[in-house]
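Shown next, in structure tokens, is the structure this report addresses.
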Amino acid sequence: MSPYDTFMNGARLARKIAAECLDEAKTADKARGFYLIAEHDRHIERAEDYEMRASWYAPEIEQEIAA
């Protein structure tokens, strides 16, 4: 598995966990809801970090599309 694939997989998983946190926050009590929203934000930041790192290893075609 290439570094690009590894980082993109990490980004997808972080976004999946973030979505799960947000879904659970909708039905949780107030204190737990605030905690889960903070966790959601933290996982989104992690996903963005993984995506940035993946861009360093992106295949040339991906880099051209992003430009």
Helix 3-27 against the longest principal axis of the chain: what's the angle in degrees, Cα atoms only, rounded to the nearest 10? 20 degrees
The FRET efficiency for Thr6 and Tyr35, from their Cβ-Cβ distance with R0 = 25 Å and rounded to 0.05, is 0.30
Accessible-area order for Met8, Met52, largest to smallest, probe 1.4 angstrom, reads Met52, Met8
Calculate I(q)/I(0) for the chain by the Debye formula, one identical point scatterer on each C-alpha and no solvent, and give its log10 at q = 0.12, 0.16, 0.26 Å⁻¹ to two decimals. -0.39, -0.58, -0.98
Hey, what angle do you get for helix 30-56 against the long axis of the chain, alpha-carbon based, 0 to 90 degrees rounded to 10? 0 degrees
Area of Thr6 that stays accessible when all protein chains are in place (1.4 Å probe, Å², to 10): 70 Å²
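The values are calculated or read from the model by the stated rules, or taken from the named source; none is laboratory data. Quick caveat: nothing in here was measured; it's all calculated off a predicted structure. As a convention, Cβ positions derive from the backbone with ideal geometry for all residues, glycine included, and neighbour counts pool all protein chains shown. For the accessible areas, the whole protein counts, side chains as well, though only heavy atoms, and no ligand, DNA or RNA atoms are used. Shrake-Rupley method; radii C 1.70, N 1.55, O 1.52, S 1.80 Å.
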